[in-house]
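The values are calculated or read from the model by the stated rules, or taken from the named source; none is laboratory data. Not measured: the values here are computed from a predicted model. In this analysis, Cβ positions are derived from the backbone assuming ideal geometry, glycine residues included, and neighbour counts consider all displayed protein chains.
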Amino acid sequence: MTDDLMVQFLSEGRELVAGAEHDLGRLARQPDDAGALDGCFRAIHTLKGSAGLFDLRPMSLMLHAAEDLLALLRAERTGVAEDFEALFSVVDTIDRWLDALDHHGVLPAGAEETSQTETARLRALVASVSAPADLAVRPAATSWRPPEGFADKGLTAVRYTPRADSYFAGDDPVAIIAATPGLAGLRISPREPWAASEDYDPYACNLVLEAVSTLGRAEVEGTFRFVADQVEFVDLMTREARGAPQHGARKTLRIDAERVDRLAALAGDLVIAKNGLADLAAQAEALPGGQALGQALRARQAQLDRLVGDLHVTVGKVRLVALGPLFARFHRMAREIARSLDKAVSLEVEGGDVEVDKTIVDALFEPLLHVLRNAIDHGVEPAEVRARAGKPAVASIRFTARTVADQVVIEVRDDGAGVDPARIRTLATDRGVLTQEAADRLDDQASIDLIFTPGFSSANEVSAVSGRGVGMDVVREAAQKLGGKVEVDSQLGQGATVRFILPVTMVLTKVMVVTCGEERYGLALDTVVETVRVAAERIVPVRAGRAFQLRDAVVPLLSLGDLVGAASAETRSSERVVVARARGELVGLAVDAIVDRMDAAVRPMTGLLAGAPGVMGATLLADGAVLMVLDPAELLT
Amino acid sequence: MTIVRDGPVVRLQGICRVEDAEPLTALLQGASASTLDLAACEGLHGAVIQAILAFRPKIIGVPDDPFLRDVLLPALIGEQSCEVPRA
């Protein structure tokens, strides 16, 4: 129970942290963004409530102080840079603690002290907010909240508080607000409570006019250019942008990933089970008078085929999750890495709504973090170098994601120094990765690709950030394991782009792993009908080949070892035979042993092996070995 | 414009300008005028609207002008929260 709660807390906590972080980012740019302030407040408030369910006192205390500061910012004045820095720091700390809770089940050592420091900092800011001097500089005006109903009617809300002498000045405030383009709603109320009837002054303007427009702020502002000092605008978020409504029907459902995986596995098994039907149909047709039954079976099989196919695809889609939350985790990382290296970077994220299989999202965190570290450590130049090159002091790193056909392209682009091919060649030869002659033959792109070579690390000295004995080779391996690839574009002096090209869905192929002599091979399981053990005496020579009887059919028997040119096994008293269907015909493939069944992301072969007949592709085994996956149908031609 | 007094009903006709605010206020201040007919009204200055808001007469008649009818009238009638001045 507690574990379940904790799992939910961790998952929701990350979302809330990401939300708060996003809102703080908006506030840092535009401190009077009421929507962002509300969003941030809600996220911190919810986090505080959730933290209270567990024994996480340091977290609760810190969040409580943060909530107080945000509450004051909502009521009293617009936040300043120090406020947002302190709040960013709180959110970062929470994020780190969530990681610690996830991995170790407890808050990290020193959490109590950190909490005290952060809380003290927040309390000091709260005290300064309450100081009268602050109130004097900040008019209370910015605390305006558009009326409830406005948010559903348009994009921009405006409040116009005409001066008391407006009528004398010749203004008609109602005519001005009536000219608002896209006007969708109006509310008129007194600015001050009405005076007693006999004291009412018909020429002193005492109105507040609030309006909502269906158009954007830029289009609305022009109307009020002559009374700009008397109006306030608020950008209303659209229903979609506000995200899930707080009440009412939720369209999303949080499901334990393991259950979805189980569902996917069952759908996969169904594909295999269904394959057996084709064989049954054939057998039924072969029976005397079984023609009709066989055909009916075949028709049913075709229907089942389609349904199972649909199911497979649909289950695959259930597993799709947006990249946004993954990307959001890198904001804190980028700040921390940059701080530790004394560099300034700004991380921008685009395409967070692109959806990818959960397995891929989960597996991408480490590689992307590594690329991010590399970009900040090796890509971004020290401040003085950037200044000389005329680049902005704050380096830009962009994470982008987009789908291209059935692949997703994720790029990490920096505006740093780029990768110097000549230097890579020198380093590679120095480190014995390749010989001088080989290096001289490489063009620039091939040289840059050397950073993916195992054992190559382009840092001159091992730094605390990047030098952890993990190189870009690990990044490439991770991409390959996911059935994709990674490449680097670099423009010297302009920056580098690391590009991951990955499948959107994990196309997992069921593979049977067999051995022939020393070698292991994979056979796509959807071609396998059954496996049998055939005694040597049941094997009969047929012309140049061999055959055996399987129930009432004679099936040709081939040695897989012979087909792939592996060492031939010695003659045995019985053969392990995989019966596969190749072009509608059954064929027996003799193997030494059947060792495993697995789900694997099979990649098509590239390079010289691309055209190798009978090879469907390759996949990486858990021990890092490459497994060739064979297609029996092609092997036999 | 014309302000027509008809017993307890005050009719606003044509376009009401800023200078109409004062006579309207005078009428509404008197206890006898409690209803406002906007059917023939073609435009309302902010100062006139302010007087209507301040004295909250009962409004009858629907003006033809789309802005008055669809935007302003709901705002005048819907504004229930403002304090009603009492002599």
So, of the residues in region A:328-347 that are farther than 22 Å from residue A:17 by Cα and among the charged types (D, E, K, R), which turns out to be surrounded by the most Cβ atoms within 10 Å (Cβ to Cβ)? A:343
Enumerate the strands (runs of 3 or more DSSP E) found wholly within region A:348-430, keeping only those where 2 or more residues are in contact with a helix residue (DSSP H, G or I) (Cβ under 6 Å, 6 or more places away or on another chain), in the same structural domain as residue A:330 (by TED's automatic domain parsing) and crowded, with 20+ Cβ neighbours inside 10 Å. A:395-404, A:407-414
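Each row is one residue, and each column tells you yes or no for (1) closer than 30 Å to residue A:188 by Cβ; (2) of a type in the set (A, V, I, L, M, F, W, C); (3) modelled with pLDDT of 80 or more.
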| residue | (1), (2), (3) |
| --- | --- |
| A:215 | yes, yes, yes |
| A:224 | yes, yes, yes |
| A:234 | yes, yes, yes |
| A:285 | no, no, yes |
| A:292 | no, yes, yes |
| A:297 | no, yes, yes |
| A:307 | no, yes, yes |
| A:323 | no, yes, yes |
Take the residues of region A:171-180 that are part of a loop (DSSP other than H, G, I, E, B) and either facing chain B (nearest Cβ under 7 Å) or within 12 Å of residue B:47 (Cα to Cα) (or both): which is modelled with the lowest pLDDT? A:171
Filter result (at the interface with another protein chain (Cβ under 8 Å from one of its Cβ atoms) and either of a type in the set (D, E, K, R) or touching a Phe, Trp or Tyr at 6+ places or on another chain (Cβ under 8 Å) (or both)) within region A:150-170: A:167
Quick check, is residue A:399 of a type in the set (Phe, Trp, Tyr), in contact with a strand residue (DSSP E or B) (Cβ under 8 Å, 6 or more places away or on another chain) and closer than 21 Å to residue A:473 by Cα? yes
Hey, residue A:250 hits all of (1) surrounded by fewer than 11 Cβ atoms within 10 Å (Cβ to Cβ); (2) at pLDDT 65 or above but one; which does it fall short on? (2)
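Residue-wise test of (1) assigned by TED's automatic domain parsing to the domain that holds residue A:26; (2) among the hydrophobic types (A, V, I, L, M, F, W, C); (3) more than 20 Å from residue A:7 (Cβ to Cβ); (4) without any contact (Cβ under 8 Å) to a residue 60 or more places away in the chain.
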| residue | (1), (2), (3), (4) |
| --- | --- |
| A:55 | yes, no, no, yes |
| A:58 | yes, no, yes, yes |
| A:71 | yes, yes, yes, yes |
| A:77 | yes, no, yes, no |
| A:94 | yes, yes, no, no |
| A:102 | yes, no, no, no |
| A:106 | yes, yes, no, yes |
| A:125 | yes, yes, yes, yes |
Looking at this structure, is residue B:38 more than 21 Å from residue A:150 (Cβ to Cβ), away from chain A (no Cβ under 13 Å) and of a type in the set (A, V, I, L, M, F, W, C)? yes
Sort through A:531, A:515 and tell me the only one that's surrounded by fewer than 20 Cβ atoms within 10 Å (Cβ to Cβ), in contact with an Asp or Glu (Cβ under 6 Å, 6 or more places away or on another chain) and under 30 Å from residue A:550 (Cα atoms). A:515
Please find, within region A:192-219, the residue that is surrounded by the fewest Cβ atoms within 10 Å (Cβ to Cβ) out of those that are part of a strand (DSSP E or B) and not hydrophobic (A, V, I, L, M, F, W, C). A:210
For region B:52-69, which residues satisfy the criterion of being facing chain A (nearest Cβ under 10 Å) and either in contact with a Ser or Thr (Cβ under 6 Å, 6 or more places away or on another chain) or at pLDDT below 85 (or both)? none
State whether one or more residues within region B:13-20 are of a type in the set (Val, Ile, Thr), facing chain A (nearest Cβ under 10 Å) and within 21 Å of residue A:170 (Cα to Cα). yes
Please work out which one of (1) modelled with pLDDT under 75; (2) within 22 Å of residue A:35 (Cβ to Cβ) is the condition residue A:158 fails and give its number. (1)
Out of (1) without any contact (Cβ under 8 Å) to a residue 24 or more places away in the chain; (2) under 19 Å from residue A:331 (Cβ atoms), the odd one out for residue A:31 is which? (1)
Residues of region A:171-218 satisfying the condition of being under 44 Å from the mean Cα position of the chain (by Cα) and either outside the structural domain of residue A:152 (by TED's automatic domain parsing) or free of Cβ contacts under 8 Å to residues at least 40 places away in the same chain (or both): A:182, A:183, A:184, A:185, A:186, A:218
Is there a residue in region A:467-485 that is out of contact with any strand residue (DSSP E or B) (no Cβ under 9 Å at 6 or more places or on another chain), under 30 Å from residue A:363 (Cβ atoms), modelled with pLDDT under 85 and of a type in the set (Lys, Arg)? yes
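So that you can scan it fast, the table gives a plain yes or no per residue for (1) farther than 23 Å from residue A:219 by Cα; (2) acidic (Asp, Glu):
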residue	(1), (2)
A:146	no, no
A:153	no, no
A:166	yes, no
A:171	no, yes
A:177	no, no
A:180	no, no
A:186	no, no
A:197	yes, no
Verdict on residue A:189 being surrounded by fewer than 19 Cβ atoms within 10 Å (Cβ to Cβ), closer than 19 Å to residue A:149 by Cβ, facing chain B (nearest Cβ under 8 Å) and not basic (Lys, Arg): yes
